[in-house]
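Written out below as structure tokens is the structure these notes cover.
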Amino acid sequence: MTLRFPVEAGHIMMFARAIGDANPRFYEETAGAKGVVAPPTFVQASAQFDPDYPLRPKIGQPWFGSGRDPAGPPPSFGGGGSRSGGGGTGLHAEQHFEYARPVRPGDVLTWTTRPGKTWEKQGRRGGRLVFSEMVTEYRDQGGELVVTARSVGVRTEKPVEEGK
């Protein structure tokens, strides 16, 4: 199944407001002749168009969420503080975006995600740190590459011991 992310000027405006960015290029009434473009991190909103995205709340189901006592099962990937193999903890470490062109209203983006590089470093408190990259390519309705997003997660070998 190919997931579609239709880009609308209203979505761009709401995203810009949510991140507190007043850049006039993100708003129809002030964009001028060059037109509206999306903020650099806007493609992350594509998660709302993925019914299986593990951090998106699902109506009628307990949500893992970000509260003190999450109600649902933890996500199955290394982000968001989830438990992962080896007894350690995973978290989101970095995010990079490489643009072939700006995202604009009227684009209908599709995306594919693949594993990228992996590497290790020795940590001080959690033992070995395992870094893994996921690469997501966003393409427009003509199949042209628009954005490449690289997300880096890190997983510790063991839980961090408090006070050390």
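Based on what the data block shows, is Ser66 among the hydroxyl-bearing types (Ser, Thr, Tyr), at pLDDT below 75 and either loosely packed, with under 13 Cβ neighbours inside 10 Å or under 26 Å from Phe131 (Cβ atoms) (or both)?
Here the answer is yes, as Ser66 does meet what is asked.
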Within segment 140-156, count every residue that is assigned to a strand (DSSP E or B) and open to solvent by 60 Å² or more (accessible area, probe 1.4 Å).
3
Meets criteria (exposed (fewer than 13 other Cβ atoms within 10 Å of the Cβ) and modelled with pLDDT under 95) for Lys164
yes
Can you find a residue in segment 46-54 that is open to solvent by less than 70 Å² (accessible area, probe 1.4 Å) and more than 25 Å from Val135 (Cα to Cα)?
no
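Taking the stated definitions as given, is Gly78 at pLDDT below 95, touching a strand residue (DSSP E or B) at 6+ places or on another chain (Cβ under 8 Å), open to solvent by less than 80 Å² (accessible area, probe 1.4 Å) and assigned to a strand (DSSP E or B)?
Judged against the criteria, Gly78 is not a match.
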Looking at (1) surrounded by 12 or more Cβ atoms within 10 Å (Cβ to Cβ); (2) over 17 Å from the mean Cα position of the chain (by Cα); (3) at pLDDT 95 or above, find the lone condition where Gly20 falls short.
(1)
Return a yes/no flag: does segment 23-43 have any residue that is in a loop (DSSP other than H, G, I, E, B), surrounded by 13 or more Cβ atoms within 10 Å (Cβ to Cβ), touching a Lys or Arg at 6+ places or on another chain (Cβ under 6 Å) and in contact (Cβ under 8 Å) with a residue 24 or more places away in the chain.
yes
Among the listed residues Gly116, Gly127, identify the single one that is open to solvent by less than 40 Å² (accessible area, probe 1.4 Å), more than 16 Å from the chain's Cα centre (by Cα), farther than 30 Å from Gly10 by Cα and not acidic (Asp, Glu).
Gly127
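The values are calculated or read from the model by the stated rules, or taken from the named source; none is laboratory data. Since the model is a prediction, treat every value here as computed from it, not as a measurement. Cβ atoms come from the backbone with ideal geometry, glycine included; neighbour counts cover every protein chain shown. When the accessible area is computed, the model is the full protein with side chains, heavy atoms only, and any ligands, DNA or RNA have been set aside. Shrake-Rupley method; radii C 1.70, N 1.55, O 1.52, S 1.80 Å.
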